[in-house]
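Visitor: Here it is: the structure, laid out below.
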Amino acid sequence: QAHLDRIAAVDGDVHAFLHVSETALDAARAVDAARAAGEPLGELAGVPIAIKDVLCTIDMPSTAGSRILEGWIPPYDATVVAKLRAVGLVPLGKTNMDEFAMGSSTEFSAYGPTRNPWNLERIPGGSGGGSAAAVAAFEAPLALGSDTGGSIRQPGAVTGTVGVKPTYGSVSRYGAIALASSLDQVGPVSRTVLDSALLHDVIKGHDRRDSTSLRDEWPSFADAARDGLADGALRGVKIGIVKELNGDGFQQGVKARFADAVEILQKAGAEIVEVSAPSFEYAISAYYLILPAEASSNLAKFDSVRFGMRATIPGGGTVEQVMAATREAGFGPEVKRRIILGTYALSAGYYDAYYGSAQKVRTLVQRDFSRLFGEVDVLLSPSAPTTAFPLGEKIDDPLSMYLNDLTTIPANLAGIPGMSIPMGLADEDGLPTGIQLMAPAREDARLYRYGAALE
Ligand code: GLN
């Protein structure tokens, strides 16, 4: 009830939610009843959680921030949502996002932007600005996001929350509306590292309905975070600072807080080395070919027949006309831009030059990471090059919007886990900054151990 009251009080300004659950209190009471009956419950039973609207929920509309799916209620829950319900977490509602998770500011939502609770004239990051803002504004203690190129970590950085992109394949993508299938991962958003660990423990694990799901046995991430809270957890840890991810274009206040964090790590006994990953210079270019290529294919299913919206044409029109009119009216400008870019990059004659080259860069990024993880335990960078920028500033300048993903994209290209944790406020604007930790694939526990220690 307290969270529903908080949503009623502040969400008119923040607009983190696209839909607030009408059954949250019933679900919470059911957990109370189970507790009273002595049923064994998990650590998060009864805790409310906000869910990014990219995830299918059987009892709430799931629009992915798009007009084309307005009002669509899926016939099933995403695996991660089913897992939340199974341990008694209480879904509070669905959070706002850039349309089909394309964007870094939540301004590309078809339902209007979310605002940053720290300053309502600023963006909350994207694409998962709604989930991050809900947690930052105390509308929800936990949220789920999805991260294809930084959509959990960058909103975390600019709203002062914790966000984790798990190892690719460690959390099910079944029922997560696909953006780029080789990059997408669902992950936790919270206010502390331990909270994210507890949530990650609930959603991880193999799912036979996701063909890229790993069969690993995962250690307890909550135990890893608790280990990190013990004295001396950072002693002797080798940390690499990636030169290419802390360059000239970075905001002064971000660089200053990052330098403070490095000093704290050194004082705690960590060994800091500067490392270089030359391929990262090309990571954004590669990502913005691979992502549109995959997205153009994934979004082909919105054909006016199978899901959601269908445009009406005077006199009926042919199937192709109805399909075209629906996609014209149902998709926003950024989605159209990427579909066109993706189909172009995949077209005969250009395939090798664009998509093929991008895949080669992806391999180089993976090799740079393997080499660096032979030398250090974790890699470190600012989570985003700037603090939250003003609403409207980059909306007409796709390239400068894309550049905000510089720090987060390499981890997606390589499938490795990454975490953003709050790093203090920038002097010049008083807004949150974030620090990013990256670990080798399958070593998510390291992020929780060292993240909790640094926090
Ligand atoms: N900002 C990135 C993009 O626009 C990240 C998207 C994401 O992680 N979903 O593609």
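Visitor: Along the charge dipole of the chain, which of PHE100, ALA293, ILE395 sits closest to the positive end, that is, farthest toward it, with unit charges on the beta carbon of Lys, Arg, Asp and Glu (+1, +1, -1, -1)?
Guide: ALA293
Visitor: Still on this structure, I have one more. Please state the shape class of the stretch 184-228: rounded when a/c is under 1.5, otherwise prolate if a/b exceeds b/c and oblate if not, all from the C-alpha gyration tensor.
Guide: Numbers: a/c = 3.36, a/b = 1.72, b/c = 1.96.
Here the stretch 184-228 falls in the oblate category.
Visitor: Once you order the gyration tensor axes a ≥ b ≥ c over the Cα atoms, which shape class does the stretch 342-446 get: rounded for a/c under 1.5, otherwise prolate or oblate by comparing a/b with b/c?
Guide: oblate
Visitor: GluC sites (Glu not before Pro), restricted to the stretch 200-297: which are DSSP loop and have at most 13 other Cβ atoms within 10 Å? Spell out each step's value before the answer.
Guide: Working: sites: GLU217, GLU244, GLU263, GLU271, GLU274, GLU281, GLU294; in loops: GLU217.
Filter output for the stretch 200-297: GLU217.
Visitor: Mind checking the dipole of the stretch 2-228: about its Cα centre, +1 per Lys or Arg Cβ, -1 per Asp or Glu Cβ, Debye to the nearest 20?
Guide: With Lys and Arg at +1 and Asp and Glu at -1, about 240 debye.
Visitor: Work the Kirkwood hydrodynamic radius out for the stretch 357-416: mean of 1/r over every pair of different alpha-carbon atoms, inverted, in Å.
Guide: 13.4
Visitor: Oh, and also: For ILE272 and LYS238, calculate 0.36 nm times their separation in residues minus their Cα-Cα distance, and state this gained length in nm to one decimal.
Guide: Between ILE272 and LYS238, full extension yields an extra 11.6 nm.
Visitor: Calculate the length of the line joining the C-alpha centroid of the stretch 338-388 to that of the stretch 96-152, in whole Å.
Guide: 24
Visitor: While we're here: Taking amide H positions as placed 1.01 Å from N in the peptide plane, with prolines and chain starts having none, which residues 5 or more places from GLY187, or on another chain, fall under 5 Å of its amide H?
Guide: The answer is GLY145, SER146, ASP147.
Visitor: Hey, another quick one. Between TRP72 and residues 5 or more places away or on another chain, which pairs have amide H atoms under 5 Å apart, with H built 1.01 Å from N, and which residues are they?
Guide: Those lying under 5 Å, H to H, from TRP72 are SER62.
Visitor: From the residues ILE123, ALA222, SER190, which one has its Cα farthest along the dipole of the stretch 2-228 in the positive direction, the dipole being from +1 and -1 charges on Cβ of Lys/Arg and Asp/Glu about the Cα centre?
Guide: ALA222
Visitor: Just grab the label-to-label distance for SER285 and ARG215, each label 7 Å out from Cα along the Cβ direction, in nm (one decimal).
Guide: Rounded to a tenth, the inter-label distance reads 4.0 nm.
Visitor: Treating the beta-carbon of each Lys and Arg as +1 and of each Asp and Glu as -1, no other charges, what is the dipole magnitude of the chain about its Cα centre, to the nearest 20 debye?
Guide: In debye, rounded to 20, the chain gives about 840.
Visitor: So what J values fall out for the stretch 386-392 if you push phi through Karplus, 6.51 cos²θ - 1.76 cosθ + 1.60 with θ = phi - 60°, rounded to Hz, Gly and Pro as x?
Guide: 3J(HN,Hα) across the stretch 386-392, in whole Hz: 9, 7, 4, 8, x, 3, x.
Visitor: Here's another thing I want to ask about it. From the Cα gyration tensor of the stretch 2-228, with a ≥ b ≥ c the square roots of its eigenvalues, which class applies: rounded if a/c is under 1.5, or else prolate if a/b is larger than b/c, or else oblate?
Guide: It comes out rounded by the Cα gyration axes.
Visitor: If you count, for each residue, the other Cβ atoms within 10 Å and average over each peptide, how do 246-252, 141-147, 130-136 line up from highest to lowest?
Guide: The packing order, highest mean first, is 130-136, 141-147, 246-252.
Visitor: Nothing charged except the Cβ atoms of Lys and Arg (+1) and of Asp and Glu (-1): what's the magnitude of the dipole of the stretch 262-330 about its Cα centre? Round to the nearest 20 debye.
Guide: 480
Visitor: Under the Karplus relation 6.51 cos²θ - 1.76 cosθ + 1.60, θ = phi - 60°, what is the ordered set of whole-Hz ³J(HN,Hα) values for the stretch 233-249, x standing for Gly and Pro?
Guide: 5, 9, 5, x, 6, 8, 10, x, 9, 7, 3, 5, 9, 8, x, 5, x
Visitor: I've got another one for you. I need the peptides 396-409, 100-113 ranked by packing, meaning the mean over residues of other C-beta atoms within 10 angstrom, with the highest value on top.
Guide: 100-113, 396-409
Visitor: Give me the number: length gained by fully extending ASP32 to ARG367, i.e. 0.36 nm times residue separation minus the C-alpha to C-alpha distance, one decimal in nm.
Guide: 115.6 nm
Visitor: May I pose another question? Quick one: what does P(r) look like for the chain with 10 Å bins over all Cα pairs, in whole %?
Guide: Spelled out bin by bin, the chain gives 5, 22, 33, 26, 11, 3, 0, 0 percent.
Visitor: Here is a further query. Going by amide H atoms built from the backbone, whose H comes under 5 Å of the H on ILE435, apart from near neighbours?
Guide: Under 5 Å from the amide H of ILE435: SER383, ILE421, MET423.
Visitor: To continue, here is another question. Using only Cα atoms, locate the centre of the stretch 399-438 and the centre of the stretch 272-321, then give the distance between them in Å, rounded to an integer.
Guide: Taking the Cα centre of each part, the stretch 399-438 and the stretch 272-321 sit 23 Å apart.
Visitor: Loop only by DSSP, 14 or fewer other Cβ within 10 Å of the Cβ. Give me the chymotrypsin sites (Phe, Trp or Tyr not before Pro) in the stretch 3-76 that pass, ordered by residue number.
Guide: TYR76
Any read-out appearing in this document is the output of simple, stated calculations on the displayed coordinates, not a laboratory observation. The structure displayed is predicted, hence computed values, not measured ones. Quick reminder, even Gly has a Cβ in these numbers, built from the backbone with ideal geometry, and neighbours come from all protein chains shown.
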